[in-house]
Amino acid sequence: MSGIGLTMRQVRYENRAFWRNPAAAFFTFVFPLLFMVIFNVVFAAGSADAGRFFTPAIIVFAVVTATYTNLSMTVTVARDEGILKRLRGTPLPAASYLVARMIHAALVALLLVVIVAAFGAIAYDVPIPWDALPAMLVTLVVAAAAFCALGLALTIAIPNADAAPAIVNATILPLFFVSNVFIPIDNAPQWLDALSSIFPVRHFADAMLRIYDAARVGSAFSALDLGVIGLWGVIGLILALRFFSWEPRR
Amino acid sequence: MTAIEVRGLRKSYGQVEAVRGIDLFVAAGEVFALLGPNGAGKTTTIEVLEGFRRRDAGDVSVLGFDPARQAGPMRERIGIVLQSTGISPYLTVRETVAMFAGYYPHPRDVDEVVRLVGLDEQQDRRIGKLSGGQRRRVDLAVALAGDPELLFLDEPTTGFDPSARRQAWELVRSLAGLGKTVVLTTHYMDEAQALADRVAVISGGRIVAHGTPATLGARDAATSSVHFSLPDGAELPDRFGGRRTSGRYELETSEPTRLLHELTTWALSADIELAALEVIRPSLEDVYLALTGEAEAA
């Protein structure tokens, strides 16, 4: 079988295993909606502005969680349990397995985007930006791929599965707070604005906000944002290819 | 036909020399056991052969491949059962075997593999719902899915209860019956004795003995002892020598046939019954403990 055939076959098995753990699957999908409702209630009690901000913001949160957070944690667990080592002992190419994991995480992320966008449209009257659909799809695919690669790269820094939640959250939660995701960054000091602009979460959020901005002038594509996200993805991919470990670290 | 050839294999972890110059030869179709205590270098050796670890020195050929440089094509023809058993709990037995079979160019029929390991009744059950012994069978099924010529079993029965061990042994024998070459590691002497055509005893990173289970450690030439009791009043002639402890005689000999003949000839002519007569040869366990220097500890 070709590399692509093996990869797509592996995606199907990953998907089957994913849905056989209904509790995990349920909360993967409910978690972002929960955040969306809470933020809308806490900030500005359902004003149209809050809805317009938090719909794209929670799309960003959902995609990053489904790719970066989910992949780095589950791959670390699979590594600790010896699942990765067992696969390494078969002729399945390493890339087929890792790309399959990335594709599956990205598909879950895209399904989440559909759910969040629909929820925003129904509950908060935030129209789905059909006019910017090509820009939205490109942005989502680039971001999902980049955050998958970064998630795999992060496993290099995680010594064992017990340490995974702490390390993963420490790398991503602060960024959600300073990157126009949990809180609008308009009133933040300039240095914080500059600092958060180094990281890909901020650029993903800015790109999605632009796509959702009905009053935007010019193209819905933001080349700078896509470039920064893509660059981080490439760095993550290079690190993952170079240092990824198939065996428990202990 | 040679399945595995190893010359001068060395492997260190930092300052620790785990394997210090090992030579091995495994013929195609034989069951070969690497026997030794924990920490002797068994797993390091087998993981170098499987391509999981890089060797520091030595020549290694597995089915004609160098595991350090040709792991890809080599892995199409080998099956591996590791000590640790990570596997997705959410797929069924059949799905799992089918998934692994798909990685190989010439897989074995999935139903046949499931039947071979005796899991046909559990084939639609999820891995997470299986007992420990059944899960170990899944490990074996997964290793067999690609119809390998050579199978590595790293401590296949560690932690098994006696009946599960017997079942596992039957399985390994049936694999040998299929013409597979099997390389297993174990720290149970009886396991090596029961399964292996040839055994290498490894201790402190070196092979300290090798041979068939029967000849291992030159057991054939080793001293046997003849034990018996005499009725009250009977005296053993001095020419036999030996020790007497609590009414029982123990004679050491390297020629048990000759000694028995002389002894029974004397006993018959004197009309004496040699009660509880037995010839005791050192067990593989005695040899093993002596070889691995654990005799005092035991």
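The values are calculated or read from the model by the stated rules, or taken from the named source; none is laboratory data. Owing to the predicted nature of the structure, the values given are computational and were not obtained by experimental measurement. With ideal geometry, Cβ positions are generated from the backbone for all residues, glycine too; neighbour counts draw on all protein chains shown. Each accessible area value is taken on the protein alone, full model and side chains, heavy atoms only, with ligands, DNA and RNA left out. Shrake-Rupley method; radii C 1.70, N 1.55, O 1.52, S 1.80 Å.
At-a-glance table
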read-out: Yes/no for B:E149 being in contact (Cβ under 8 Å) with a residue 40 or more places away in the chain and within 14 Å of chain A (Cβ to nearest Cβ); value: yes
read-out: Qualifying positions in the stretch B:155-174 - surrounded by fewer than 22 Cβ atoms within 10 Å (Cβ to Cβ) and either at pLDDT 90 or above or under 20 Å from B:R115 (Cβ atoms) (or both); value: B:A164, B:R166, B:Q167, B:A168, B:W169, B:E170, B:L171, B:R173, B:S174
read-out: Residue in the stretch B:30-39 that is under 16 Å from B:V182 (Cβ atoms), assigned by TED's automatic domain parsing to the domain that holds B:H187 and polar (S, T, N, Q) present; value: no
read-out: Qualifying residues in the stretch B:129-153 (those that are in contact with a Lys or Arg (Cβ under 9 Å, 6 or more places away or on another chain) and farther than 24 Å from B:A196 by Cβ) - the one surrounded by the most Cβ atoms within 10 Å (Cβ to Cβ); value: B:A145
read-out: When residues of the stretch B:44-78 are limited to those that are open to solvent by 40 Å² or more (accessible area, probe 1.4 Å) and part of a helix (DSSP H, G or I), the one nearest to the other protein chains (Cβ to nearest Cβ); value: B:G72
read-out: Breaking point among (1) modelled with pLDDT of 75 or more; (2) within 22 Å of the chain's Cα centre (by Cα), for B:D286; value: (1)
read-out: Only listed residue being assigned to a helix (DSSP H, G or I), open to solvent by 30 Å² or more (accessible area, probe 1.4 Å) and out of contact with any helix residue (DSSP H, G or I) (no Cβ under 8 Å at 6 or more places or on another chain), chosen from A:F27, A:F35, A:F31; value: A:F27
read-out: Flag if A:F177 is touching a residue at least 12 places away in the same chain (Cβ under 8 Å) and either open to solvent by 10 Å² or more (accessible area, probe 1.4 Å) or farther than 14 Å from A:V63 by Cβ (or both); value: no
read-out: Conditions (1) in contact with a Ser or Thr (Cβ under 8 Å, 6 or more places away or on another chain); (2) under 21 Å from B:G8 (Cα atoms); (3) β-branched (V, I, T): number failed by B:T96; value: (2)
read-out: Members of the stretch A:40-94 that are within 14 Å of chain B (Cβ to nearest Cβ), out of contact with any Gly (no Cβ under 6 Å at 6 or more places or on another chain) and of a type in the set (G, A, S); value: A:A78, A:G89, A:A94
read-out: Helices (runs of 4 or more DSSP H) wholly inside the stretch A:38-114 containing at least 1 residues that are polar (S, T, N, Q) and open to solvent by less than 10 Å² (accessible area, probe 1.4 Å); value: A:48-64, A:70-80
read-out: Qualifying residue in the stretch A:127-143 (condition: part of a loop (DSSP other than H, G, I, E, B), open to solvent by 20 Å² or more (accessible area, probe 1.4 Å) and either at pLDDT below 95 or away from every other protein chain (no Cβ under 14 Å) (or both)); value: yes
read-out: Filtered residues of the stretch B:79-94 (kept if facing chain A (nearest Cβ under 7 Å) and not in a loop (DSSP other than H, G, I, E, B)); value: B:I80
read-out: Leading residue by the ranking (farthest from B:I46 (Cα to Cα)) among those in the stretch B:110-128 that are within 12 Å of chain A (Cβ to nearest Cβ) and open to solvent by 10 Å² or more (accessible area, probe 1.4 Å); value: B:R126
